[in-house]
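Just so you know, all these numbers are worked out from the coordinates, no wet-lab data involved. Keep in mind that what you see is a predicted model, and the values were worked out from it rather than measured. FYI the Cβ positions are ideal-geometry reconstructions off the backbone, even for glycines, and counts take in every protein chain you see.
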Amino acid sequence: MSTSIKYMTTAQIRKDFLDFFEEKGCKRYPSSSLIPEDPSLLLANAGMNQFKEYYQGLKTMREIGACSCQKCLRTNDIDNIGDSRHLSFFEMLGNFAFGGYTKEDAIHWALEFCTAPEHLGLPLDRLYFTVFTDDDESIALWTKYGADPTHITRLGEEDNFWAAGPTGPCGPCSEIYFDQGEEFGCGEPDCAPGCDCDRYLEFWNLVFTQYDRQEDGSMPELPHRNVDTGMGLERISAIMQGQHSNYEGDVLRSLLGVGEKLSGKTYGGKATGADRSLRIIADHSRAVTFMIGDGILPSNEGRGYILRRLLRRAVYHGRLLGIEGAFLTQYAQEVRAIMGDVYPALVQNAALIDGIVSAEEERFNATLDKGEALLEAELDKIAEGEQLPGEVAFTLHDTYGFPVDLTREICENRGASIEMAAFEAAMEDQRERARAAANRDAWGAFHNAWTTLSGELPATEFCGYDEDVAEGARVLAIVRDGESVGVAEQGDEVQVVLDRTPFYAEMGGQVGDTGTLAAEGVLVDVNDTTHQEGDLYAHVGTLVEGTLRVGDVVRAAIERGRRELIRRNHTATHLLDAALKIVLGEHVSQAGSLVAPERLRFDFTHFEALSSEELARIEGLVNAEIFAAEPIVTQVMGIDEARASGAVALFGEKYGDVVRVVSTGASDKPFSRELCGGTHARNTAEVGLFKIVSEGSVGANARRIEAVTSVGAISFLDERLAELDAVANALKCRPVDVMARLVQLQHEVREAQKKIAEALTGGSSNKVAEAIAGALDMGAYKLVCARLDGVGGKDLRGVWDTVRDKLGLSCACVLASVGEDGKVALLAAGTDTAVKAGFNAGDVVRAMAPLVGGRGGGRPNMAQAGGRDASGVDEALEAAKTAVGA
Ligand code: SER
């Protein structure tokens, strides 16, 4: 069997494939978005997706066909991701025809591309083929163009009939396999392509799309005989790079490297343990980056849910690896660095991608932290040798999204195990409940307790604009576990409806109130208030004392201090909205807001980042309005009158006939006038002080400002001043002199650096010149092998630049140096020519690193490593020479 395969990078293969088919007359198409136009498909899963209408004859193409490199996402095998083959996101190279060329051309060209030395140059004796059961025509064609007839296998419908989805274009297919060698096989006598073992790797699927499957299962012929081929780019890259796993081709390998750096673990190529986690994060983070780049946002359904699941799984595996803190944006950065030139959306949407990834990661981490704290507390309770109750593991899974593997891992660290039988039983109960719920009639989902209650009860009367307490409020309903009940007992989690209440229910960005519902011997601790159907307010909380019955009379009191802060922040958002319109223009429109006690957040339409001058003007206008101590006036009026008075309404919001209008001051031309149902300060002066804490983007056309007021603003300033004091202290000067001192220090540092650089290059440039002069002749390239003590790790790259300048396109170098701190730096690098001739920087560094007590690796053309043992440097250089055959 032939063994030599030439090395090609992913980028080279991608380009060569598209050039090849373009030359054959196929039109080159860019990848379509991961969000398919075809509504029957959740995510793009094959190159042919964007051509569906050409297959159906609804569109025609002038050229004989098309070719593309398509972004694809498949999650049907999500649990297998991490073995050597499965990926969620991958790139598919494809060529397509809609009557413009034939099956014969497709087979002929595929073989030509695979075997021609100027293309993949794969040896024919390592290629195998499968055809659909009775497709004699394909067998004849493969043989005609050079395939060994003993390498052709017939397979049935499951393997060799392809369809994009349940309906639409489909047809029989023929696949090309690469023989990895007997040592990867199962050894069974009937081992052949299609076998489950690892010997034969399928890398190219040629579908002869000729049917259009209908809803009823019938398969009329398409208007013409078509071709749809798909070659997995990761797989062919691994083959061309002599690797046996999709993860070890250049692109995914560099993502594995990000994980290695973050976790301090070294990837060893296994499908278990830390290696599996490294693979899963590499795969999922790339998928997540591409999905958000194409406009998919995390949510609880559809594509958004798939995105969320992939992201959370990556975060969770990060924990398993012991990576601390948020880390996913570092992967996103690497994805941009290695794929951004082919997929510019990744770079254009970089800020959006990083913003969403970190927000989602932060939220999930917070949930995991909470769960972890709960778990730690539970573990404290159990004695040595006891098991963690299965119910606890279940709650962690159910409420905190804690995968049971993670719970097990934490338990094991504390020498405990989980009572798995009870956990499984609780899981089964839950599945049972879900099944029972699903079996209810189709209306079941809509007829929840609130639908019924909204038909029976009057809307809740809100008295909280003027009152903080409602005496004698009557309990009209209690909802517990989703059911309306007549009575609740101590300890129950309840949602209570009253006839009237001072509690504001979350609405228009303003958070719900907290407080208490109390009667003789009864106390409900309310931690949120929400709006339900029929304008019912639900007081959400725990019955901490006594028994509560429908019909009881209670004293409803909100937590006043908290509400005061909310009022001030709400008024501040109105002032901010008005100031934004003055400073940026009338295109500013509110896109979302959060009014909480400790801060406010305001999203608005605007297309570029705000300058610091703009921010200062906005802050100044808001503060001027605060210092003017204008009364806040609320009026109730007809919607038409409100609009005529110039009150700002929310875009797309539906309002009733009668609305509330909130203005600053009573004049005809108030600074701010808005339609609003929220609660406000009585006078702008109560807001005290307004400080913008951050400004950033949310999506392509919206910005977000976060700000603090009154007490929050003072704490913010206090913190900043304390930081300044600390800096002044460290710089040993007064706070006012910090800037001058810093400028002076920077100057000193630059001078010192200059001197060091001069000293170093003065000393080493001769050595570099000597080393270049003594380059070894390796035939196809020149190899510089040198020890350059005193040149730092970073500067070794500079030396490589010099080597390349001097020696041109066919050279490589292996450099080692011991720094002043005694640490060893290694660098190996080669030009493409050197790499093609067999030089592999990654392998060289891997051979050297252990000899200097370090580790490292990298790509075939560039690899670096560090070590602590300077005594092994010479030996390491010798090892490098042996590794390259010098
Ligand atoms: N549509 C086929 C596949 O996905 C060939 O491109 O394998």
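What is the distance in Å between the Cα centroid of the range 322-371 and that of the range 821-886?
If we compute the Cα centre of each part, the gap is 31 Å.
Among Ala834, Gly774, Ala752, whose Cα lies farthest out toward the positive end of the dipole of the range 742-859, if unit charges sit on the beta carbon of Lys, Arg (+1) and Asp, Glu (-1)?
Looking along the dipole axis, the top candidate is Ala834.
Return the lysines within reach of Lys755: Cα separation strictly under 18 angstrom, same-chain partners fewer than 8 residues apart disregarded; answer none if there are no such residues.
Straight-line reach from Lys755, under 18 Å: Lys794.
So for the range 684-822: antiparallel DSSP bridges make up what percent, rounded to the nearest 5?
60 percent
Please give the contour-minus-distance gain from Cys186 to Thr882: 0.36 nm per residue of separation, less the Cα-Cα distance, rounded to one decimal in nm.
Extra length from Cys186 to Thr882 when fully extended: 247.1 nm.
May I ask which residue of Val550, Gly585, Thr571 lies farthest towards the positive end of the charge dipole of the range 547-600, with charges of +1 (Lys, Arg) and -1 (Asp, Glu) on Cβ and the Cα centre as origin?
Farthest along the dipole direction, towards plus: Val550.
In units of 2.2 N^0.38 Å, what is the alpha-carbon radius of gyration of the range 321-444?
Taking N as the residue count of the range 321-444, the ratio is 1.45.
Antiparallel DSSP bridges in the range 354-513: what percent, to the nearest 5?
65 percent
Report the Cα centroid-to-centroid distance between the range 59-85 and the range 143-207 in angstrom, as an integer.
The two parts, judged by their Cα centres, are 18 Å apart.
Could you tell me the calculated FRET efficiency between Cys733 and Ser358, based on Cβ-Cβ distance and R0 = 60 angstrom, to the nearest 0.05?
Step by step, r from the Cβ atoms, then E = 0.95.
With only Lys, Arg, Asp and Glu charged, each at its Cβ (+1 for the first two, -1 for the last two), find how big the charge dipole of the range 741-886 is about the Cα centre; round to the nearest 20 debye.
Once rounded to the nearest 20, the dipole reads 380 debye.
Grab the Cα-Cα distance for Ala685 and Arg617, subtract it from 0.36 nm times how many residues apart they are, and report the gain in nm with one decimal. Intermediate results must be reported in sequence, preceding the final value.
Details: separation 68, 0.36 × 68 = 24.48 nm, distance 1.88 nm.
Full extension from Ala685 to Arg617 adds 22.6 nm.
Given H placed on each backbone N at 1.01 Å, which residues far from Trp204 in sequence or on other chains put an amide H within less than 5 Å of it?
HN-HN under 5 Å from Trp204: Ile176.
What per residue convex hull volume, in Å³, do the alpha-carbon atoms of the chain yield? Present the calculation step by step, with values, prior to reporting the outcome.
Values: hull volume 217.8 nm³, N = 886.
Convex hull volume per residue, Cα atoms: 246 Å³.
Please report the antiparallel percentage of the DSSP beta bridges confined to the chain, to the nearest 5.
85 percent
Counting only C-alpha contacts under 8 Å and six or more residues apart, can you give the relative contact order of the chain as a whole percent? Write out the running numbers ahead of the final one.
Details: 1673 pairs, mean separation 50.9, N = 886.
For the chain, the relative contact order is 6 percent.
Say each of Val693 and Glu301 gets a label point 7 Å from the Cα, pointing the same way as Cα to Cβ; how far apart are those two points in nm?
A separation of 3.3 nm, rounded to one decimal place.
Exceeding 21 Å between C-alpha atoms, which entries from my cross-link table qualify? They are Lys15/Lys806; Lys782/Lys881; Lys265/Lys836.
Over 21 Å apart, Cα to Cα: Lys15/Lys806; Lys265/Lys836.
Mean separation of Cα pairs under 8 Å and 6+ residues apart, divided by the residue count of the range 750-886: what relative contact order is that in percent?
On the way: 280 pairs, mean separation 26.8, N = 137.
It rounds to 20 percent for the range 750-886.
For the range 688-693, just list the computed ³J(HN,Hα) in residue order, Karplus coefficients 6.51, -1.76 and 1.60, θ = phi - 60°, integers in Hz, with x standing in for Gly and Pro.
So the J values, rounded to whole Hz, are x, 7, 10, 10, 7, 9.
Would you list the P(r) distribution for the range 30-106, with all Cα-Cα distances sorted into 10 Å bins from 0 and each bin expressed as a whole %?
The percentages, shortest bin first, are 18, 43, 29, 10, 1.
Modelled label-to-label distance, Lys270 and Glu770, 7 Å Cα→beta-carbon offset: nm?
Spacing of the two 7 Å Cα→Cβ label points: 4.6 nm.
Give, rounded to the nearest 20 debye, the magnitude of the charge dipole that the range 1-94 has about its Cα centre when Lys and Arg contribute +1 at Cβ and Asp and Glu contribute -1 at Cβ.
240 debye
Among the aspartates and glutamates, select those whose C-alpha is under 12 Å from the C-alpha of Lys103, and discard any that sit fewer than 8 residues away in the same chain.
Straight-distance partners of Lys103: Asp135, Glu137, Asp228.
In percent, how large is the relative contact order of the range 184-318, given Cα pairs closer than 8 Å and 6 or more residues apart?
12 percent
For the chain, with only Lys/Arg (+1) and Asp/Glu (-1) charged at the beta-carbon, what is the dipole magnitude about the Cα centre, in debye rounded to 20?
2960 debye
So between Glu432 and Asp832, what do we pick up on full extension, going 0.36 nm a residue minus the alpha carbon distance?
Values: separation 400, 0.36 × 400 = 144.00 nm, distance 5.98 nm.
Going from the current span to full extension adds 138.0 nm.
Under a straight-distance cross-link criterion of Cα-Cα below 18 Å, which aspartates and glutamates are reachable from Lys6, leaving out those fewer than 8 residues away in the same chain?
Straight-line reach from Lys6, under 18 Å: Asp16, Glu112, Glu118, Asp125, Asp179, Glu234, Glu248, Asp250, Asp832, Asp843.
Could you work out [θ]222 nm for the chain from helices alone, using -39500 (n - 2.57) per DSSP H run of at least four and dividing by all its residues? Round to the nearest 500 deg cm²/dmol.
Working: 25 runs with 348 residues, N = 886.
Taken over the chain, the calculation gives -12500 deg cm²/dmol.
Along the charge dipole of the range 580-726, which of Thr684, Leu600, Gly656 sits closest to the positive end, that is, farthest toward it, with unit charges on the beta carbon of Lys, Arg, Asp and Glu (+1, +1, -1, -1)?
Among Thr684, Leu600, Gly656, the one farthest towards the positive end of the dipole of the range 580-726 is Gly656.
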